[in-house]
Amino acid sequence: MSQQTLAPELSAPALAQVSFEVNGQQRTLSVDTRTTLLDALREHLRLTGPKKGCDHGQCGACTVLLNGVRIVSCLTFAVMHEGDRITTIEGLGQPGALHPLQAAFVAHDGFQCGYCTPGQICSAAGMLAEHEQGWPSHATADVAAEKIPLSDAEIRERMSGNLCRCAAYPNILAAIKDAGGLSSGGGA
Ligand code: FES
Ligand code: FES
């Protein structure tokens, strides 16, 4: 087959419609099927809270909650999420009505440039829910324990997919402990 025959077909994007709930609102988009969830949120819905740090699933800056579970939105296609419920940092809390994690990050100075912060906070929200449900981590000594202690090591391990180039890790840890109802002083 000649190049001239193939070119028009290859250049035409395959569009598809997808409907999902974003921050409590039903949204319907017509997107190129190759559009990631991150790009759908940022470029189509103008929700710029989720950040594009690496676009390769390595930094966690794009973390959002999908049906309450944290995911990196750069590694999944928007069209895979028909009927799903997505929460971005914009949906967790608002100025004047901050989510406890947002308030704790402010109180503990858990950021410097702030680029990783929306992902850190969404990830922390998902992480605390996972812990509450008894999910173990690689740092868990006794995976059969009825209640896994949420030690500093547990939090660090569970948040290890979220990188901070400003290295605000000690304050991020303190903020998560505070919001999780744990002591923010000393190492557990
Ligand atoms: Fe998705 Fe880095 S932008 S993990
Ligand atoms: Fe700058 Fe984390 S606060 S990358």
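The values are calculated or read from the model by the stated rules, or taken from the named source; none is laboratory data. Quick caveat, the model's predicted, so the values are computed rather than measured. Cβ sites come from the backbone with ideal geometry, for glycine too, and all protein chains shown count toward neighbours. Areas reflect the complete protein model, heavy atoms only, side chains present, ligands, DNA and RNA absent. Shrake-Rupley method; radii C 1.70, N 1.55, O 1.52, S 1.80 Å.
Kindly state, to the nearest 0.05, the FRET efficiency for TYR169 paired with ALA16, given R0 = 41 Å and r defined as their beta-carbon distance.
0.55
Might you tell me the accessible area per residue for the chain, computed with a 1.4 Å probe and given in Å²?
The answer is 53 Å² per residue.
Which residues among region 76-117 fall inside the zone where the amide N is under 19 Å from a point 7 Å beyond the Cα of ARG156, along Cα→Cβ?
Label zone hits: 110-111.
Taking only DSSP H segments of four or more residues, each worth -39500 (n - 2.57), what value at 222 nm results for the chain once the sum is divided by all its residues, to the nearest 500 deg cm²/dmol?
Helices in the chain give a 222 nm mean residue ellipticity of -8500 deg cm²/dmol.
Could you state, as a whole-number percent, how many of the C-alpha pairs of the chain are farther apart than 19 Å?
It works out to 61 percent of all Cα pairs.
Determine, from the Cβ-Cβ distance of MET80 and GLU132 and an R0 of 22 Å, the FRET efficiency 1/(1 + (r/R0)^6), rounded to the nearest 0.05.
Between MET80 and GLU132 the formula returns 0.25.
Take ALA145 and GLN112, extend 7 Å from each Cα along the Cα→Cβ direction, and tell me the distance between the two endpoints in nm.
If labels sit at ALA145 and GLN112, their model points lie 3.2 nm apart.
Suppose the chain between GLN58 and THR28 were pulled fully straight at 0.36 nm per residue; how much longer would it get relative to their current alpha carbon spacing?
7.9 nm
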